[in-house]
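Comments concern the structure below.
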Amino acid sequence: MAEDKPFIVRVAVLSPLRQLFDYLIPNNVIDEWPDFQPEVGCRVMVPFGRREVVGLIVEHANTSEWDLDKLKPVSRLLDSGPLLPTELLELFIWAANYYQHPIGDALFGMLPVLLRKGDPLPTVGTRYWQLTNKGKGLGSDSLKRAPSQKELIERLLIDDSLSDSTLSRDFSRAILSSLEDKQLIESFQKTGADISVANILKQDALALHESQRLALEKIDQHSFNCYLLDGVTGSGKTEIYLQAIEQTLRYDRQALVLIPEISLTPQTEKRFRDRFNVPIVTLHSGLTDKQRLTAWTSAKRGSAHIVLGTRSAVFTPLARPGLIIVDEEHDQSYKQQEGFRYSARDLAVSRASKEGVSVVLGSATPSIESLNNCASDRYKHLLLTDRAGSAKQPNWSLVDLKNEKSEAGIAMSTLAEIRQTVENGHQVLVFLNRRGFAPAIICHHCGWSAECHNCDSRLTVHRARNRLICHHCDYQQRVPHLCPVCQGQELIAVGEGTERSEEYLEACFPQTKVLRVDRDSTRKKGSMQEIFDIGSSGEPCILIGTQMLAKGHHFPNVTLVAVLDADSGLFSPDFRSHERLGQLLTQVAGRSGRGDTPGRVIIQTHQPQHPLLEILIGRGYSFFAQQIMDERRITQLPPFRHMALIRAESDRANEAETFLRTARSIAERINRPSPLMGYLGPLPAMLERRAGRYRFVLQIDAHKRSLLQMLLDALIVEINQHKDARRVRWSIDVDPQEM
Ligand code: ADP
Ligand code: ZN
Ligand code: ZN
C-alpha cells in the first residue's frame, strides 16, 4: 500500500447494526506487532463506543465515507494469519445478506466463544518429543544413576521423535519433565497427523451393492457438484458416505459431515470412528468452549481429517476442503429458528460451490426443495431403491380410532400386535409426539382447564414430577388438588402423552422392559446410551417415545412400529405439515424390520380414508412427495415462490400488529402488490401469545429470490428509521421453515 494513502480496514464487530466499521491501521501498530497482520480475515481489537471489542477485518480500503480524522485506529492486532479462509468469509457475508442478519452478529455468533473473546488460536496437533543438541551429545556414562531417564534418551536416539502418548505409556510424567528441565529433551507439535494413504482404513469397506456402486461412481469429487442421495432407510446411504469420504481422504482432503443431532445418534459417529484411522473431531452443543475451540482449530489447521457436526459446523474452516455431506437433509434442525436464521443445508451447497468441492445431501425422505432442485437439474439425483442386506420394506396398516376402544392412546388391536411381537422375541417402537402424561387437566364439574399465564396454551401434566408445565415457555406449577374455580375435587388429565402410554404399557407387560425416550427421560447423562445398548442388544422390549426415536437408529430386532396419533399432522395450518407428516411416518416406519424379519407399521388415525395417508401408504414417499410438489406448484408456495416472514412481538396486544401494518405499507410503497410480489397479513402467529408476548407475522412472497432480496434490503432501512420499530421486537425469516 502506498505510503501517502491511509490504510483503512472495514471491520465486523458483534453488534446489531447491519454494517461494517472503518478503522485506521497506524504504522506503529504494524511495527509494534510484527508477527501479526492486518490481513482480511484477521481479528483486531478496536475501540467501539466506550469499550474495546474484538473485530474481524472484512475488507481493506484507502478511502472512507467518514471523515478521516474521525476514524479511530485499531488498538491491536490479534492474529498472525486469517482466522477464516476467503471462501468462508465470503460465505458469511453472503449468508448475512441473504438472511438479512447483521454481519458482525452472524460472524461472531458462529465463531467459537473463546475467539470471540479474543483468545489466541491454540496449538493443536500431537505433542512429540525429541532430543535437544545437548541431549544428543550426552556421553554414555551420564545418567547412570537414573536408568529410566537413560532408557528414554536411548529410545529417542533410535527413533528421532516419539509422540507424547507413546512415551507416557512407558515413562512417567516426572521423568519427562526432569529431562526437559535438564534441557536434554524438548517437545513440539506436529499437525497433520502422519497418516499414510495405505493406512486410512481401520476396517474394510463393505462390498457395495449394484445401486450403491452406481451412486458412488457418479459422485465426482473434482469440482463443485450437488447430489441428492435419495434412498429408503437402510438402503446403505451411510456406507456410500463412508466410501466417498475414503476417496476424499486418499486425495489428502478433509470431509465435513453434517448430521442433525449427535447426541441422539452416537451410532453414526461410531461408524465413522470404526471405519477410519484418521483424526475425527465432532462439533456439537455438548462441548465446552475450550473443546470447541480445539476441535475448530484442528479443522482449520487440517489436522482433523473428518469434521462431524451439527448445524453450525457448516461454518467450520477447513485447510483442505474436499467433500461436504449433509445427512438427513430434510431435517428441520438444519434451519436455525432464532437470531441468524440460516439453513445449514442450503449454506452447505453455497459453501461447496465457493470452495469448488462436491456436496452430497442424503435422505430417505428428501425435502420438496431438494427434489425440485433435482427436477430442474440443479442437483443430481442418486437413487437407492432397495434396502441393503436382506431387509425388506415394512408392511403398513391403518387402525381406525373411530371404531375401536383404546386406552392411554393405544387401540386394542394395536395392543394385541404389540403383545404378539414381544412374545415372538422382537422389539416394538411406539411413537407419540407429545411428552408428559397428558396435554391438559380439566375440572370434571365446571370445565375449568389449567392454562399458562404467559401463553395461549394449556399446561401439560407431568405426573412423575407432579407438575403442570407449559411446553412453550416452561412455566411450571404443582398439580392442584382442587379446581381453583369451583373447588371441585375431580380433576381429570385428558389426552395422552408418552408418560401415560408408558405407564399403561408397563402395566400390560410387567415382564417386558418398557423404555421411554423423550426430552424428559433423556435429560440424564448416559440415558440415551442405555437405550442404544438395549436397542442394539436385540432383547425384547418396548420403546415409547417422541420424534427423538425417529432419528437414524439402527435396531435390527424392531419388527413393529406403532404410530399412536397421525392426525395432528393432517390438520395443521402450516403448509409444510403434510410434507413433515410424510417424512415422519416414513422415517419411523424405517425403524421397523431392519434385520432379517420383515417389519410392520401400524398407524392409528381417525381419518383412515385421508387421501394423503392412502397415497403415502399405497404408493410410497416418492410418489407422495411428487403430489405435494404438484400442489405447491399450483398453489404457488415454496419452492415455487420465495418467501420471507417478518415476525414481531410485543408486550402489548396491538403494538406488534400495528408495526407490521406499517411495515406492509412501506413494503407496498417500495414494491406494489402484483403477481410477482404478494403480501399476507399481519396475521396472528400460530401461538399468538407466548411467554407473555403477543406475536404476529407478515408474509411476503415473490416469484424471484432477487426481487425479494431487493425489497427486504430497502424495507429494512426504512423500517429501522420508523418509530414503531423501537416498540417491538422484530425479525426477518428468509425461507421460513415454520409459520
Ligand atoms: P442408511 O444410511 O441408508 O440408513 P446404512 O448405510 O446405515 O443405510 O445401511 C443399513 C445397514 O445395511 C447397515 O447395517 C449397513 O452396515 C448395511 N449395509 C449397507 N451397505 C451394505 C452392503 N453393501 N453390504 C452389506 N451390508 C450393507
Ligand atoms: Zn371446577
Ligand atoms: Zn407458557
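Tell me, which residue of segment 449-478 that is outside any strand (DSSP E or B) and under 28 Å from the mean Cα position of the chain (by Cα) is nearest to ligand 1 (Cβ to nearest atom)? Can you show your working first?
We begin by selecting, within segment 449-478, every residue outside any strand (DSSP E or B); these are 450, 452-457, 459, 463-466, 470-475.
Next cut, under 28 Å from the mean Cα position of the chain (by Cα) only: 455, 457, 470-475.
Working: CYS455: 38, SER457: 36, CYS470: 36, HIS471: 30, HIS472: 33, CYS473: 37, ASP474: 34, TYR475: 39 Å.
For segment 449-478, the residue satisfying everything is HIS471.
Any residue in segment 507-524 that is under 27 Å from ILE469 (Cβ atoms) sitting within a Cβ distance under 7 Å of a residue that is of a type in the set (Gly, Ala, Ser)? List the pairs, counting only those 6 or more apart or interchain.
These pairs meet every condition: ARG516/GLY545; VAL517/GLY545; ASP518/GLY545; SER521/SER527.
Can you tell me which residue within segment 479-532, out of those that are at pLDDT below 85 and assigned to a helix (DSSP H, G or I), is nearest to ligand 2 (Cβ to nearest atom)?
Looking at residues that are at pLDDT below 85 and assigned to a helix (DSSP H, G or I), I get SER527.
Here's the yes/no breakdown for (1) buried (at least 17 other Cβ atoms within 10 Å of the Cβ); (2) touching a helix residue (DSSP H, G or I) at 6+ places or on another chain (Cβ under 7 Å); (3) free of Cβ contacts under 8 Å to residues at least 40 places away in the same chain; (4) not assigned by TED's automatic domain parsing to the domain that holds PHE431:
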position	(1), (2), (3), (4)
ARG467	no, no, yes, yes
CYS470	yes, no, yes, yes
ASP474	no, no, yes, yes
VAL479	yes, no, yes, yes
LEU482	no, no, yes, yes
VAL485	no, no, no, yes
GLN489	no, no, yes, yes
ARG500	yes, no, no, no
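Look through VAL558, VAL494, VAL563 and report the one residue that is over 30 Å from ALA364 (Cα atoms), more than 16 Å from ligand 3 (Cβ to nearest atom) and in contact (Cβ under 8 Å) with a residue 40 or more places away in the chain. Before you say what the answer is, go through the steps one by one.
Values: VAL558 fails: over 30 Å from ALA364 (Cα atoms); VAL563 fails: over 30 Å from ALA364 (Cα atoms).
From the options VAL558, VAL494, VAL563, the qualifying one is VAL494.
Give me the residue from segment 279-291 that is not hydrophobic (A, V, I, L, M, F, W, C) and not in a strand (DSSP E or B) and, out of that set, surrounded by the fewest Cβ atoms within 10 Å (Cβ to Cβ).
My answer is THR288.
Please identify the pairs in which a residue from segment 666-689 that is under 29 Å from SER572 (Cβ atoms) and assigned by TED's automatic domain parsing to the domain that holds LYS723 has its Cβ atom under 8 Å from the Cβ atom of a residue that is assigned to a strand (DSSP E or B) and small (Gly, Ala, Ser), counting only partners at least 6 apart or on another chain.
LEU676/ALA702; MET677/ALA702; GLY678/ALA702; PRO682/ALA648
Results for (1) touching a helix residue (DSSP H, G or I) at 6+ places or on another chain (Cβ under 6 Å); (2) among the small types (Gly, Ala, Ser), shown as yes or no for each residue.
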position	(1), (2)
GLU59	no, no
LEU83	no, no
GLN100	yes, no
GLY104	no, yes
LEU107	yes, no
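Give me the pairs, please: first residue somewhere in segment 567-578 and under 16 Å from LEU432 (Cα atoms), second residue anywhere and of a type in the set (Gly, Ala, Ser) and surrounded by 14 or more Cβ atoms within 10 Å (Cβ to Cβ), beta-carbon distance under 7 Å, and either six or more positions apart or on two chains.
GLY569/SER577
Might you check whether a residue that is surrounded by 24 or more Cβ atoms within 10 Å (Cβ to Cβ), over 27 Å from GLU579 (Cβ atoms) and of a type outside the set (Val, Ile, Thr) occurs anywhere in segment 328-345?
no
For segment 411-464, how many residues meet the condition of being under 24 Å from GLN476 (Cβ atoms) and among the aromatic types (Phe, Trp, Tyr)?
The number of residues fulfilling the criteria is 2.
On the given criteria, is SER674 closer than 30 Å to GLU579 by Cα, more than 30 Å from the chain's Cα centre (by Cα) and of a type outside the set (A, V, I, L, M, F, W, C)?
Values: closer than 30 Å to GLU579 by Cα: yes; more than 30 Å from the chain's Cα centre (by Cα): yes; of a type outside the set (A, V, I, L, M, F, W, C): yes.
Here the answer is yes, as SER674 does meet what is asked.
Name the one entry in ALA440, ALA450 that is out of contact with any helix residue (DSSP H, G or I) (no Cβ under 9 Å at 6 or more places or on another chain), within 30 Å of LEU613 (Cα to Cα), at pLDDT 90 or above and within 16 Å of ligand 2 (Cβ to nearest atom).
Answer to the selection: ALA440.
Pairs needed: first member in segment 200-220, closer than 15 Å to GLY362 by Cβ; second member anywhere, among the small types (Gly, Ala, Ser); C-beta distance under 6 Å; at least 6 residues apart or different chains.
Once the first residue is closer than 15 Å to GLY362 by Cβ and sits in segment 200-220, its partners that are among the small types (Gly, Ala, Ser) give GLN212/GLY236; ILE219/ALA244.
Within segment 556-568, count every residue that is in contact with a Lys or Arg (Cβ under 7 Å, 6 or more places away or on another chain) and over 11 Å from VAL430 (Cβ atoms).
Quick first cut of segment 556-568, residues in contact with a Lys or Arg (Cβ under 7 Å, 6 or more places away or on another chain) only: 556, 558-561.
Adding the requirement that they be over 11 Å from VAL430 (Cβ atoms) leaves 556, 559.
Qualifying residue count for the region: 2.
Which one of these is away from ligand 3 (no atom under 16 Å from the Cβ) and either in contact with a Lys or Arg (Cβ under 8 Å, 6 or more places away or on another chain) or within 27 Å of SER449 (Cα to Cα) (or both): CYS470, CYS541?
CYS541
So if I check each of SER592, SER572, which one is in contact with a Lys or Arg (Cβ under 7 Å, 6 or more places away or on another chain), of a type outside the set (A, V, I, L, M) and more than 16 Å from ligand 3 (Cβ to nearest atom)?
Going through SER592, SER572 in turn, just one is in contact with a Lys or Arg (Cβ under 7 Å, 6 or more places away or on another chain), of a type outside the set (A, V, I, L, M) and more than 16 Å from ligand 3 (Cβ to nearest atom): SER592.
Filter segment 206-222 down to residues that are part of a helix (DSSP H, G or I) and in contact with an Asp or Glu (Cβ under 8 Å, 6 or more places away or on another chain) and give me whichever is farthest from ligand 1 (Cβ to nearest atom).
Checked segment 206-222; the qualifying residue farthest from ligand 1 (Cβ to nearest atom) is SER211.
Out of curiosity, is VAL74 without any contact (Cβ under 8 Å) to a residue 60 or more places away in the chain and buried (at least 16 other Cβ atoms within 10 Å of the Cβ)? Write out each step before concluding.
Working: without any contact (Cβ under 8 Å) to a residue 60 or more places away in the chain: no; buried (at least 16 other Cβ atoms within 10 Å of the Cβ): yes.
Against the criterion (without any contact (Cβ under 8 Å) to a residue 60 or more places away in the chain and buried (at least 16 other Cβ atoms within 10 Å of the Cβ)), VAL74 does not qualify.
With the condition being not β-branched (Val, Ile, Thr), I'd like the strands (runs of 3 or more DSSP E) fully within segment 292-403 carrying at least 3 qualifying residues.
Where strands (runs of 3 or more DSSP E) fall fully within segment 292-403 and carry at least 3 residues being not β-branched (Val, Ile, Thr), they are 321-327, 358-363, 380-384, 395-400.
With the requirement that a residue be small (Gly, Ala, Ser) and either in a loop (DSSP other than H, G, I, E, B) or out of contact with any strand residue (DSSP E or B) (no Cβ under 6 Å at 6 or more places or on another chain) (or both), what does segment 416-439 give you?
ALA416, GLY425, GLY436
Of the residues that make up segment 266-281, is at least one touching a Ser or Thr at 6+ places or on another chain (Cβ under 7 Å) and among the hydrophobic types (A, V, I, L, M, F, W, C)?
Yes, some residue in segment 266-281 is touching a Ser or Thr at 6+ places or on another chain (Cβ under 7 Å) and among the hydrophobic types (A, V, I, L, M, F, W, C).
So ILE442 fits all but one of (1) surrounded by fewer than 21 Cβ atoms within 10 Å (Cβ to Cβ); (2) in contact (Cβ under 8 Å) with a residue 40 or more places away in the chain; (3) more than 14 Å from ligand 3 (Cβ to nearest atom); (4) part of a loop (DSSP other than H, G, I, E, B); what number is the exception?
With (1) surrounded by fewer than 21 Cβ atoms within 10 Å (Cβ to Cβ); (2) in contact (Cβ under 8 Å) with a residue 40 or more places away in the chain; (3) more than 14 Å from ligand 3 (Cβ to nearest atom); (4) part of a loop (DSSP other than H, G, I, E, B) applied to ILE442, the lone miss is (4).
The values are calculated or read from the model by the stated rules, or taken from the named source; none is laboratory data. Because the structure is a prediction, the values reported are computed rather than measured. Please note: Cβ atoms are built from the backbone with ideal geometry, for glycine as well, and neighbour counts cover all protein chains shown.
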